[in-house]
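Step one of this worksheet: look at the structure below.
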Amino acid sequence: MEFLQPRSLPDALAAKAERPEAVPIAGGTDVMVELNFDRRRPEAVLDLTRVPELAAWDRSDGGLRVGAGVTYTRAIDELAGDLPGLAIAARTVGSPQIRNRGTIGGNLGSASPAGDCHPVLLATGAEVELASSSGTRRVPADEFFTGPKQSALQPDELICAVHVPAASGPQQFAKIGTRNAMVIAVCSFALALDAEHGRVGTGIGSAGPTPLRAREAERFLEGVLDSEGLWGSRGPVGEAVAARFGELVAAAARPIDDVRGTADYRVHALRVLARRTLTWAWADHRGERS
Ligand SMILES: Cc1cc2nc3c(=O)[nH]c(=O)nc-3n(C[C@H](O)[C@H](O)[C@H](O)COP(=O)(O)OP(=O)(O)OC[C@H]3O[C@@H](n4cnc5c(N)ncnc54)[C@H](O)[C@@H]3O)c2cc1C
């Protein structure tokens, strides 16, 4: 197996152009599992850990550009203020060792419907920055995932960064697993309330062939918050509204039965997660939680 180790982004993109079959490796927490179990035996591996451009994050266009090589630990330590939803999701990933190695770009690269970053990236309206030696393009997160473990990433491209708007309201993420840590989501849900623009964003994980948005639930809640003037008054959101929001989120799921849970259970759990995250987020908006 050839081991390619570029030291800059242009060199990494040139290597990918020349060897599109080379498998990128960042933290290796997915790739090494596949190699160890002999599910994959690539002829070449493209190590991205020496590419400084991928490990950086900065502020741009009223949001953050987070390099693909930023780890979960760094997202928690450095980005929780601007991107609280991403930090909450990052805290639920694996163990300290996995959070130290695993990257946001690697989560996207694997494109598992259960990846914990994905619901938050959908809910916040993030965009994925992809680059090849012939140029750069930005793909909305909800167009990036094209099927189970499939994405819009082309063989000659690398994931360079995600562009995430800075939070202008509460964000939440909740995940159901069979235990509290080191667990792949049975299902998960992210909610982003954008108080500045009166927008509601959602993301469903592990309950469909790709991560999904619950658009009807978003429109419903935006309508209620707007027509009742609740963004400004910060008045309570009634239980009936939270319950209806939960129903609409559950209705947007397209789950299957698998080893981690049944489709019926996922629908039920999503109904609960949506109601619960809305209750938490709205309490944050009202200043009821510290
Ligand atoms: C014990 C354990 C627990 C885990 N727990 C969780 C969990 O709770 N939640 C969760 O979501 N995941 C979990 N995972 C999966 C994994 O840790 C995450 O998906 C992680 O984000 C992968 O990042 P990485 O940097 O290690 O990726 P890698 O393994 O290096 O790469 C993953 C995929 O992305 C591609 N890739 C990486 N970087 C790029 C790039 N810049 N451009 C293009 N392609 C790229 C690789 O080629 C590969 O296909 C767990 C894994 C293990 C082993």
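Assorted remarks:
- Taking the criterion of being hydrophobic (A, V, I, L, M, F, W, C), part of a helix (DSSP H, G or I) and under 17 Å from Val31 (Cα atoms), the only residue of the range 106-123 that qualifies is Leu108.
- Leading residue by the ranking (surrounded by the fewest Cβ atoms within 10 Å (Cβ to Cβ)) among those in the range 17-30 that are under 20 Å from Leu108 (Cα atoms) and free of Cβ contacts under 8 Å to residues at least 40 places away in the same chain: Val23
- Residue in the range 255-266 that is of a type in the set (S, T, N, Q) and in contact (Cβ under 8 Å) with a residue 40 or more places away in the chain present: no
- Pair list, Cβ under 7 Å, 6 or more apart: the range 97-116 residue among the basic types (Lys, Arg), other residue more than 6 Å from the ligand (Cβ to nearest atom) and part of a helix (DSSP H, G or I): Arg99/Tyr72; Arg99/Thr73; Arg99/Ala90
- Scanning the range 125-151 for residues that are without any contact (Cβ under 8 Å) to a residue 24 or more places away in the chain and within 13 Å of the ligand (Cβ to nearest atom) turns up just one, Val139.
- Residues of the range 48-63 classified as within 17 Å of the chain's Cα centre (by Cα) and closer than 18 Å to Gly106 by Cβ, total: 1
- Number of the condition not met by Ala250 [criteria: (1) free of Cβ contacts under 8 Å to residues at least 60 places away in the same chain; (2) crowded, with 23+ Cβ neighbours inside 10 Å; (3) within 14 Å of Pro119 (Cβ to Cβ); (4) out of contact with any Asp or Glu (no Cβ under 9 Å at 6 or more places or on another chain)]: (3)
- Considering the range 73-105, the residues that are polar (S, T, N, Q) and part of a helix (DSSP H, G or I) include one that is farthest from the ligand (Cβ to nearest atom), namely Thr73.
For every residue, the table says whether it meets (1) buried (at least 18 other Cβ atoms within 10 Å of the Cβ); (2) at pLDDT 95 or above; (3) touching a Cys at 6+ places or on another chain (Cβ under 8 Å).
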position: Gly102; (1), (2), (3): yes, yes, no
position: Ala114; (1), (2), (3): yes, yes, no
position: Thr124; (1), (2), (3): yes, yes, no
position: Asp142; (1), (2), (3): yes, yes, no
position: Ala152; (1), (2), (3): no, yes, no
position: Phe173; (1), (2), (3): yes, yes, no
position: Asn180; (1), (2), (3): no, no, no
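- Among the candidates Val51, Val66, residue that is crowded, with 24+ Cβ neighbours inside 10 Å, among the β-branched types (Val, Ile, Thr) and more than 10 Å from the ligand (Cβ to nearest atom): Val66
- Residue in the range 41-54 that is under 28 Å from Ala214 (Cβ atoms) and among the polar types (S, T, N, Q) present: no
- When Arg50, Arg59 are screened for being outside any strand (DSSP E or B), in contact with a Lys or Arg (Cβ under 9 Å, 6 or more places away or on another chain) and closer than 24 Å to Ser8 by Cα, only Arg50 passes.
- Test: residue in the range 214-235 that is in contact with a Gly (Cβ under 8 Å, 6 or more places away or on another chain), more than 27 Å from Asn107 (Cβ to Cβ) and buried (at least 20 other Cβ atoms within 10 Å of the Cβ): yes
- With respect to (1) closer than 28 Å to Asp284 by Cβ; (2) more than 10 Å from the ligand (Cβ to nearest atom); (3) over 13 Å from the mean Cα position of the chain (by Cα), the lone exception for Arg41 is condition (1).
- Count of the range 155-176 residues which are within 11 Å of the ligand (Cβ to nearest atom) and free of Cβ contacts under 8 Å to residues at least 60 places away in the same chain: 0
The values are calculated or read from the model by the stated rules, or taken from the named source; none is laboratory data. All values derive from a computational prediction rather than experimental measurement. We place every Cβ from the backbone using ideal geometry, glycine too, and count neighbours over all the protein chains shown.
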